[in-house]
Amino acid sequence: MLAAVGLAASALPPDAGLAGGLGCLAWSLFRVHRDLRQAPLLVAWPGEGAPAELLGEAGPLVLDPVNVRWRGTLATLEGRDPAGKLRRLAWWPDTLPPPARRALRLASDRRGAPVRVPLLST
């Protein structure tokens with residue numbers, strides 16, 4: 001919503017700013033609708049270089065190789081599915097419970113701790 005307000009308040013011609021703002025609002029509503037319709041997933045990953053599995057309604061989806069990055073408190077898990085598509089999952093501190101966050105950190109450190117992380121969105 002802030003992008004829509006920013007475009008409308010910018011130095012763009014009024015028609016272009018309004019059209020861009022409406023486009024931003026439409027895209028935001030589309031993404032919210034799509035994300036709320038998605039079923040929750042579960043990430044199962046034993047660590048130690050093993051592939052991760054996304055468990056959901058469509059069955060397990062294997063991600064290999066898996067890479068976890070930490071930027072402060074933001075955790076990002078990346079991996080390629082069997083079709084070669086890059087899948088990227090991110091967790092903010094308020095979306096991942098502390099025990100699951102700790103298990104993800106332990107598995108990413110390659111200490112071999114199995115992890116099952118609830119995923120709110122993909």
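The set of residues from region 29-55 being within 16 Å of the chain's Cα centre (by Cα) and of a type in the set (Gly, Ala, Ser) comprises 39, 44, 52. Checking 26, 11 one by one, the residue that is outside any helix (DSSP H, G or I), farther than 30 Å from residue 53 by Cβ and small (Gly, Ala, Ser) is 11 and no other. Exactly one residue out of 103, 44, 11, 26 is out of contact with any Leu (no Cβ under 9 Å at 6 or more places or on another chain), of a type in the set (A, V, I, L, M, F, W, C) and modelled with pLDDT under 85, and it is 103.
The values are calculated or read from the model by the stated rules, or taken from the named source; none is laboratory data. If you're wondering where the values come from, they're calculated on a predicted model, not measured in any experiment. Methodologically, a virtual Cβ is constructed for each residue, glycine included, from the backbone with ideal geometry; neighbour enumeration extends over all protein chains shown.
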